[in-house]
Amino acid sequence: MADKSIFKQEKMKLFQFEATANAGLKENQTALAYRDLNANYFKMEKEELKGDKLSNWEKAHAERKKSIEKAWHDNTGNEVKELAKRGATKNNKKAEYYASFSLKDLEVFIKNSDRGGNSDEYNNVATDLELYNRIKEKGNPLEAYSLLLKLKKSAEIYVQERKSPNTSKGKIRKAIISQILTKTTELIESQKIEYLQKADKLFGETLEDEVADEKVNEAFRAHYDLIYHVLNGNIELGTEELEKLDCNTEALLKKVVKAKVDENQGNNISTKFFNALGWSANAPRLVENRDLNENGSEMKKSPLKKKMFHAMNPLEGMEDATSFGRQLAGTSKDKGRLFYGLGRFGKGVYTSAGKGEGEQNDRDAEANSWGYGDRMGAVMLVMTLNENARMLPYNEMIEKARLINRKFRRVNRMLEQERSSKAGYMDYLTMQAALFGYNTLIDKHPGIENVDYYVTSDRKALSISKEMRIRTDLNNFDNWDFKQL
């Protein structure tokens, strides 16, 4: 029996991967098939279903499997003919034949092979390979490394279980996957060495008497990459290596917190952390209002598929808060870095979204957000999360943070020095989340009626409407003017 919490996390992670992988599909590309064809995933999903739901699901799954495998074969026919001209040898039943092909090329070969239905083990390799290639192309290279490890494991299982295939197609399939195994093994080892060597080299360069902030930031990012992989179980380090990484990252963070922030940023550890990491400089995606409607282009590819609302009050003496809106959207004259707002579970951009679906839920979230913009001239931005979002409920993040303290005690102590904005607030939590790769935390507090709260630390995860709302009536939040961002 699969752990329900593990499936819940895998389901959320896949939903976000799908948003990234399916963005901008080419004409002959199928949508990501992992949900339907990866046995490791659908076995967990199957355990969640009972009775008629399970029976109907199994029938639908069998139909989707057949349809996807046929589409794979049909869509790759021309490509595989062209690739076949470049084989390293004449014998396509040997792994050496595929040595000159990239993992992207090998995806074409593996999808084109047709035996009238693929085994679970074969489709595990195919779907892991497809997901890796798309995230490598469109997503985060750190995530791609994680997926490379999963691909290697699936390829190992297939090769071990198909020791002596009898048929010609069976031999071709084993040859393709054997080459995938060889390439993933080499890539994993070379990339691990690169991560370690880069961190050591850049740290050494920060030991000079006069070190530019950008050099410190570059070294910090290299150490962040290693910590990310250790925390996510992708790279194992010995006790001495972990201690060294912890000590060196602490030394870099001590330099990071001495750096100056922008004039329109808060002078705090979170701001300096995200400035050094580079997330604060990332711009959001500005979109048309219609793109955020139920069938709008951004809403279709959003992993959240809900409108989110963020309101800001003007300061005393200001006519309105439009300058704050443009600063958040990255459209101010100085194109400044993000201001990290205060909140209960970390610093970042706080937004409200409806708990359920539909227009009334949007209305509830909008009304809730205007509660934080309750002065004349307050500004509201409407947005959603896009394919770059990596979400996690904040209570699950609190559990994960314990691993940071076990593995990287010094680093965690530095982050938790962030001064809390109010009693009980965890202003450091978005920094801890970032170490695992999450840029958005969710508060699904049962005591908050109709509305969930989100905090985002990287604007790249946000798609924001170009129309900025300006409050003109304190008694009716439907009365507002607007300006273009």
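Some notes on this structure:
- Residue list for region 175-203, restricted to those being without any contact (Cβ under 8 Å) to a residue 24 or more places away in the chain and open to solvent by 40 Å² or more (accessible area, probe 1.4 Å): GLU186, GLU189, SER190, ILE193, GLU194, GLN197, ASP200, LYS201
- Filtered residues of region 205-223 (kept if out of contact with any helix residue (DSSP H, G or I) (no Cβ under 9 Å at 6 or more places or on another chain) and assigned to a helix (DSSP H, G or I)): GLU214
- Residue-level check: of (1) in contact (Cβ under 8 Å) with a residue 60 or more places away in the chain; (2) open to solvent by less than 60 Å² (accessible area, probe 1.4 Å); (3) touching a Ser or Thr at 6+ places or on another chain (Cβ under 8 Å), ILE68 misses just (1).
- Restricting MET318, MET312, MET380, MET376 to residues that are open to solvent by 10 Å² or more (accessible area, probe 1.4 Å), touching a Ser or Thr at 6+ places or on another chain (Cβ under 8 Å) and not charged (D, E, K, R) narrows the list to MET376.
- Criterion (within 28 Å of ASP473 (Cα to Cα) and at pLDDT below 95) met by exactly one of ASP334, ASP291, ASP374: ASP374
- Of the residues screened, LEU226 is one that is outside any strand (DSSP E or B), buried (at least 17 other Cβ atoms within 10 Å of the Cβ) and within 19 Å of the chain's Cα centre (by Cα).
- The lone exception for ALA423 - which of (1) touching a residue at least 24 places away in the same chain (Cβ under 8 Å); (2) open to solvent by 10 Å² or more (accessible area, probe 1.4 Å); (3) among the aliphatic types (A, V, I, L, M) it fails: (1)
- Selection from region 206-215 of residues that are open to solvent by less than 50 Å² (accessible area, probe 1.4 Å) and within 27 Å of LEU237 (Cα to Cα): THR206
- Residues in region 344-370 that are crowded, with 21+ Cβ neighbours inside 10 Å and assigned to a loop (DSSP other than H, G, I, E, B): PHE345, GLY346, LYS347.
- VAL108 vs. criteria open to solvent by less than 50 Å² (accessible area, probe 1.4 Å) and more than 21 Å from ASN234 (Cβ to Cβ): yes
- Pick from region 87-118, criterion part of a helix (DSSP H, G or I) and of a type in the set (Asp, Glu), ranking: farthest from HIS73 (Cα to Cα): GLU96
- Within region 243-283, the set of residues being under 19 Å from LYS215 (Cβ atoms), part of a helix (DSSP H, G or I) and among the small types (Gly, Ala, Ser) comprises ALA251, ALA276, SER280, ALA281.
- Selection from region 454-480 of residues that are open to solvent by 10 Å² or more (accessible area, probe 1.4 Å) and either among the hydrophobic types (A, V, I, L, M, F, W, C) or over 23 Å from GLY296 (Cβ atoms) (or both): ILE470, ARG471, THR472, ASP473, LEU474, ASN475, ASN476, PHE477, ASN479, TRP480
- Filter pass, GLU240 being free of Cβ contacts under 8 Å to residues at least 12 places away in the same chain and either in a helix (DSSP H, G or I) or among the charged types (D, E, K, R) (or both): yes
- Candidates are the residues of region 155-167 that are outside any loop (DSSP other than H, G, I, E, B) and free of Cβ contacts under 8 Å to residues at least 40 places away in the same chain; the one that is surrounded by the fewest Cβ atoms within 10 Å (Cβ to Cβ) is GLN160.
- Any chance LEU286 is without any contact (Cβ under 8 Å) to a residue 24 or more places away in the chain, open to solvent by 20 Å² or more (accessible area, probe 1.4 Å), outside any helix (DSSP H, G or I) and of a type in the set (A, V, I, L, M, F, W, C): no
Per-residue answers, yes or no, for (1) closer than 24 Å to THR185 by Cβ; (2) in contact with a Phe, Trp or Tyr (Cβ under 6 Å, 6 or more places away or on another chain); (3) of a type outside the set (S, T, N, Q):
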site	(1), (2), (3)
GLU10	no, no, yes
ASN22	no, no, no
ARG35	no, no, yes
HIS61	no, no, yes
SER67	no, no, no
ALA71	no, no, yes
ALA95	yes, no, yes
TYR98	yes, no, yes
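- Of everything listed in (1) in a loop (DSSP other than H, G, I, E, B); (2) under 28 Å from TRP279 (Cβ atoms); (3) open to solvent by 10 Å² or more (accessible area, probe 1.4 Å); (4) of a type outside the set (D, E, K, R), the single unmet condition for SER323 is (1).
- Region 114-143 - residue that is surrounded by fewer than 20 Cβ atoms within 10 Å (Cβ to Cβ) and in contact with a Phe, Trp or Tyr (Cβ under 8 Å, 6 or more places away or on another chain) and, of those, nearest to GLY170 (Cα to Cα): GLU121
The values are calculated or read from the model by the stated rules, or taken from the named source; none is laboratory data. In this text the structure is predicted, and so the values were computed from the model without any measurement. With ideal geometry, Cβ positions are generated from the backbone for all residues, glycine too; neighbour counts draw on all protein chains shown. Ligands, DNA and RNA are excluded from the accessible area calculation, which covers all protein heavy atoms including side chains. Shrake-Rupley method; radii C 1.70, N 1.55, O 1.52, S 1.80 Å.
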